[in-house]
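First comes the structure, then the notes that go with it.
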Amino acid sequence: QVQLIESGGGLVQAGGSLRLSCAVSGIIFGIKPMAWYRQAPGQQREFVARIAAGGITNYADSVRGRFTISRDNAQRSVYLQMSKLKPEDTATYFCASGNPTYWGKGTLVTVSS
């Protein structure tokens, strides 16, 4: 059974930082690209960041320079370090694997102004 479990969300003031984690089981983690998406209330889910199996990363323009995606294959985990957070970053953040194929249930990030 594939499971992606996000953690680390919460309430933070604008300008602050948060680190999201996603623990993965049930897939061959080391060969899968991993990504983070987010969905704000009333909005469509949007791409945030992606990391390939080999470590190459790419980011949405809205977060480039502020967010960093990383992975630890030994821990079967992917992370999203978020800094200089803005109120418009408020959303539920989802971890995804593959193209994506599998999704977590999300963790809520709220950024207050």
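May I ask you to list the residues in segment 7-53 that are open to solvent by 30 Å² or more (accessible area, probe 1.4 Å), among the charged types (D, E, K, R) and within 21 Å of ARG66 (Cα to Cα)? Passing the criteria: ARG19, ARG45, GLU46, ARG50.
Listed here are the residues, each with its yes/no results for (1) β-branched (Val, Ile, Thr); (2) out of contact with any Asp or Glu (no Cβ under 7 Å at 6 or more places or on another chain); (3) free of Cβ contacts under 8 Å to residues at least 60 places away in the same chain.
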position	(1), (2), (3)
PRO41	no, yes, yes
PHE47	no, yes, yes
ALA52	no, yes, yes
VAL63	yes, yes, yes
LYS84	no, yes, no
ALA96	no, yes, no
GLY106	no, no, no
VAL111	yes, no, no
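The combined condition, being of a type in the set (Lys, Arg) and within 16 Å of LYS105 (Cα to Cα), is fulfilled by ARG38. If you go through segment 12-39 and keep only what is of a type outside the set (Gly, Ala, Ser) and part of a loop (DSSP other than H, G, I, E, B), you end up with ILE27, ILE28, LYS32, PRO33.
In this structure, ARG64 does not qualify as more than 16 Å from VAL109 (Cβ to Cβ), open to solvent by 60 Å² or more (accessible area, probe 1.4 Å) and touching a Phe, Trp or Tyr at 6+ places or on another chain (Cβ under 9 Å).
The values are calculated or read from the model by the stated rules, or taken from the named source; none is laboratory data. Not measured: the values here are computed from a predicted model. Counting neighbours? That spans all protein chains shown, and the Cβs are built from the backbone with ideal geometry, glycine included. Ligands, DNA and RNA are stripped out before the accessible areas are found, and what is left, the full protein with its side chains, is counted by its heavy atoms. Shrake-Rupley method; radii C 1.70, N 1.55, O 1.52, S 1.80 Å.
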